[in-house]
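Worksheet: the structure to be examined is printed underneath.
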Amino acid sequence: MNTQFWIIQAFNGISYGALLFLVGSGLSLIFGVMRIVNLAHGSYFLLGGYIALSVIWTTGSWALSLPVAALAVAVIGLLMERIFLRPLGFDPLRQVLLTVGFAFLFQQASLDIWGGNNMDITPPDALTNVVVIGGIYFPLYRVFMIVMAIAIGLLLWVVMEKTRMGAAVRATVDDAEMARGVGIDTNRISMFIFALGAFLAALGGVIGGAFLGVYPGLDFEMLPLAFAVVIIGGMGSLGGAAIGALAVGLADNFGKALLPELSYFTLYAPMVLILAIKPTGLFGRE
Amino acid sequence: MVSQKTKVLMVIVALAALAYIIPHSTSFVVLLATRALVFAILAMSVDILLGFTGLASLGQAAYFGVGAYFTAILAARYHIGLGWDFWLVLFLGMLVGAVLAAFFGLFAIRASGVYFLMITLALGQCVWGLAYRWNSLTGGDNGISVASRPNFGLDLTNERTFFFLVFAIFIASLLVLYVLVRSPFGRSLTGIRERELRMQILGYNTWLHKYLAFIIAGAFGGLSGVLWAHTNGLISPETVVLTTSVDALLMVVLGGAGTLVGGVIGSAIVFGLREYLSTLVPWWQYVLGGVYVLTILYLPTGLMGIPARIRQASGRSDKTGKKPATEELASKPS
């Protein structure tokens, strides 16, 4: 238990948090705008990984697999929202259950298409190197994950805070009825946000596929983690999702290292407390 | 409108038919029916919350899992519950489920609507995390295998005998829960589902009512867990995983929330599709997923709601028809 241990664990936690940010921010935006608890969000993550594998097998290009997989899953999310979720209107329970139905369908489809084996996405050689700083080895791939999450986080922040579209999204999160009243097309916002959420989750799936692997069941493993991020951070808030992701990433890593027998408990128990005390999350909008 | 008496009579006839047909079927069908009945108890416990109180729980696997682990640990490590003391374990398993629900309820009942859904999800994940990681107690990923079934004059290693035991416990649970939902307490739960504020104004302690319903659901979750430990023989973190909770919830919605029997039908359909259809065709999960999606889109009141829908369609409006529990969730401000 020296400084080196703490630095390595903190670094691992932060890089895992970076991955969780990609999954959690989309879920958070979807919940904020539409009040939908999307239980198919883990499936988007997994589908992203699988589609990336197919792209890599056919073209051999890892860099190409990132946008292709993310866009393909965004289209799936968009269609799901348009065709199935929208007609239900505002009915949280039925929407939740509908997303579960889809999660099962996606599960079977990916099993049929990609089989049941545990597969890995191999990143390009340039990213598999190791950086040595002060005698401590840092895998470059984890550094890449952090950089990627920061870049996407900043991009999202600029879009949300500085553009007209972003202002419309924020207005919808705060009060959808009022937003409609002033002429914001909340239907289009919902569609856009749902696609964006799916896009981010799939991107996470491709990036995470290199060190988590891609395998059946990963969808329902990521889902509760994404929820922990959203709930700790606060729903519909981008900054909250970033802090939530960091908190979950660190809690998960230190939990596993220090209290292995209680590791998941130390993750979900704070989630319960936050929900009981402040249901909108630490940084959520009231 | 079919009278309540006729409905009860129909259920009795259906159950009697089951008790006659199942034991005369192949051992595969007997096993399948046993599993479906155990999950039917779990589904009914979800229905107490969802259908009668208007609380959608995504963490019912927690009580199921606690009951199952409790039984498995006692049987595998201490050889308790393999003779007459099976009944003691059964009772204690219910108690453990109820105690856990009493603790979890302190957190969960504060929330409503979608937030209740998420807090129960988080509580369920807490239990899963312990089951998965607390190796010294739960055996971690490998789980615990229950070597043999109880034997107290009745030899439960015989699948048909075991089926009858589960069937009897199932009927007892159905009776108890039926009496419960028809009692003044059950009626006030329905009142809370319909409009909580009005019940509060009428002087009901709605928090306490919901809390008690949560504990009762936990007890029956624990009961189904005890039976599952002996049905399945192996208890692993898979038992407590999120999808078990989701399955239980879907069974209720599929059959029809607020009917008790709906969850039983849902359980039968899910197990039928999952375990029977899977031996016939490889694409069975599409059917299951498709059934879910179609039910939720077109049958919000579940399969039990079909007769009422037909009556409505044929022009005779059904004034006593129940409002689906989901509407209450929708009307809550979030």
Residue count for the range B:274-301, restricted to those that are under 28 Å from A:Arg82 (Cβ atoms) and modelled with pLDDT of 80 or more: 15
Matching residues in the range A:34-67 - criterion: being β-branched (Val, Ile, Thr), touching a residue at least 60 places away in the same chain (Cβ under 8 Å) and open to solvent by 10 Å² or more (accessible area, probe 1.4 Å): A:Ile51, A:Ile56
Pairs, first on the phi < 0 side of the Ramachandran plot in the range B:197-210, second surrounded by 13 or more Cβ atoms within 10 Å (Cβ to Cβ) and small (Gly, Ala, Ser), C-beta under 7 Å, six or more apart: B:Met199/B:Ser188; B:Met199/B:Gly191; B:Tyr204/B:Ser188; B:His209/B:Ser188
Filtered residue count, the range B:176-201, keeping only those that are open to solvent by 20 Å² or more (accessible area, probe 1.4 Å), of a type in the set (Lys, Arg) and closer than 15 Å to B:Gly54 by Cβ: 3
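Of all helices (runs of 4 or more DSSP H) completely enclosed by the range A:209-277, which ones contain at least 3 residues that are within 9 Å of chain B (Cβ to nearest Cβ)?
Values: elements: A:218-233, A:238-258, A:265-277.
Helices (runs of 4 or more DSSP H) meeting the threshold: A:218-233, A:265-277.
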Unmet requirement for B:Met251, which otherwise passes all of (1) more than 13 Å from every other protein chain (Cβ to nearest Cβ); (2) closer than 15 Å to B:Asp47 by Cα: (1)
Helices (runs of 4 or more DSSP H) fully within the range A:101-188 counting 3 or more residues that are at pLDDT 85 or above and under 19 Å from the mean Cα position of the chain (by Cα): A:140-162
Filter result (open to solvent by 30 Å² or more (accessible area, probe 1.4 Å) and within 14 Å of chain B (Cβ to nearest Cβ)) within the range A:110-137: A:Leu111, A:Asp112, A:Ile113, A:Gly116
Failed item in (1) more than 9 Å from chain A (Cβ to nearest Cβ); (2) open to solvent by less than 30 Å² (accessible area, probe 1.4 Å), with B:Met118 passing the rest: (1)
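Do you know which residues across the range A:77-100 are part of a helix (DSSP H, G or I) and among the acidic types (Asp, Glu)?
Answer for the range A:77-100, where residues must be part of a helix (DSSP H, G or I) and among the acidic types (Asp, Glu): just A:Glu81.
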Test: residue in the range B:265-282 that is more than 14 Å from chain A (Cβ to nearest Cβ), closer than 21 Å to B:Arg182 by Cβ and either in a helix (DSSP H, G or I) or among the hydrophobic types (A, V, I, L, M, F, W, C) (or both): yes
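Does the range A:92-102 contain at least one residue that is among the aromatic types (Phe, Trp, Tyr) and surrounded by 20 or more Cβ atoms within 10 Å (Cβ to Cβ)? Outline the logic, then answer.
So in the range A:92-102, the residues among the aromatic types (Phe, Trp, Tyr) come out as A:102.
After this cut, where a residue has to be surrounded by 20 or more Cβ atoms within 10 Å (Cβ to Cβ) as well, the list is A:102.
Yes - at least one qualifying residue is present in the range A:92-102.
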Residue check for B:Val127: modelled with pLDDT of 90 or more, within 14 Å of chain A (Cβ to nearest Cβ) and assigned to a helix (DSSP H, G or I): yes
Residue check, B:Asn232 closer than 21 Å to B:Ala61 by Cα and either modelled with pLDDT of 90 or more or not acidic (Asp, Glu) (or both): yes
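Does A:Asp219 satisfy the criteria of being of a type in the set (Asp, Glu) and buried (at least 21 other Cβ atoms within 10 Å of the Cβ)?
Numbers: of a type in the set (Asp, Glu): yes; buried (at least 21 other Cβ atoms within 10 Å of the Cβ): yes.
When the stated conditions are applied, A:Asp219 passes them.
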Residue that is nearest to the chain's Cα centre (by Cα) [pool: residues in the range B:96-111 that are within 14 Å of chain A (Cβ to nearest Cβ) and open to solvent by 40 Å² or more (accessible area, probe 1.4 Å)]: B:Phe103
A:Val37 vs. criteria within 14 Å of chain B (Cβ to nearest Cβ), part of a loop (DSSP other than H, G, I, E, B), among the hydrophobic types (A, V, I, L, M, F, W, C) and within 17 Å of A:Ala198 (Cβ to Cβ): yes
Residue within the range A:194-212 that is at pLDDT 90 or above and open to solvent by 50 Å² or more (accessible area, probe 1.4 Å) present: yes
Residue list for the range A:262-286, restricted to those being open to solvent by 60 Å² or more (accessible area, probe 1.4 Å), modelled with pLDDT of 75 or more and out of contact with any Gly (no Cβ under 9 Å at 6 or more places or on another chain): A:Leu273, A:Ile277
Complete set of residues in the range B:1-52 that are free of Cβ contacts under 8 Å to residues at least 24 places away in the same chain and of a type in the set (Lys, Arg): B:Lys5, B:Lys7
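Condition check ((1) at pLDDT 90 or above; (2) hydrophobic (A, V, I, L, M, F, W, C); (3) assigned to a helix (DSSP H, G or I)) across all residues:
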residue: B:Gly51; (1), (2), (3): no, no, yes
residue: B:Gly67; (1), (2), (3): yes, no, yes
residue: B:Gly93; (1), (2), (3): yes, no, yes
residue: B:Arg110; (1), (2), (3): no, no, no
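Taking the options B:Ala56, B:Ala72, name whichever one is in contact (Cβ under 8 Å) with a residue 60 or more places away in the chain and in a helix (DSSP H, G or I).
One residue alone meets the criteria, B:Ala72.
Each row is one residue, and each column tells you yes or no for (1) out of contact with any Asp or Glu (no Cβ under 9 Å at 6 or more places or on another chain); (2) touching a residue at least 24 places away in the same chain (Cβ under 8 Å).
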residue: B:Gly143; (1), (2): no, yes
residue: B:Val146; (1), (2): yes, yes
residue: B:Asn151; (1), (2): yes, yes
residue: B:Leu154; (1), (2): yes, no
residue: B:Leu174; (1), (2): yes, yes
residue: B:Arg182; (1), (2): yes, no
residue: B:Gly186; (1), (2): yes, yes
Residue within the range B:140-157 that is buried (at least 19 other Cβ atoms within 10 Å of the Cβ), in a helix (DSSP H, G or I), charged (D, E, K, R) and within 14 Å of another protein chain (Cβ to nearest Cβ) present: no
Members of the range B:283-306 found to be open to solvent by less than 50 Å² (accessible area, probe 1.4 Å), outside any loop (DSSP other than H, G, I, E, B) and closer than 15 Å to B:Leu250 by Cβ, listed by number: B:Gln285, B:Val287, B:Leu288, B:Gly289, B:Gly290, B:Val291, B:Tyr292, B:Val293, B:Thr295, B:Ile296, B:Leu297
Top-ranked residue in the range B:324-334 [being outside any helix (DSSP H, G or I) and modelled with pLDDT under 50; ranked as nearest to the other protein chains (Cβ to nearest Cβ)]: B:Ser334
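The values are calculated or read from the model by the stated rules, or taken from the named source; none is laboratory data. Everything quoted here is computed from the prediction, not taken from an experiment. Every residue, glycine among them, receives a Cβ derived from its backbone with ideal geometry; neighbour counts consider all protein chains shown. SASA here: full protein model, heavy atoms, side chains in, ligands and nucleic acids out. Shrake-Rupley method; radii C 1.70, N 1.55, O 1.52, S 1.80 Å.
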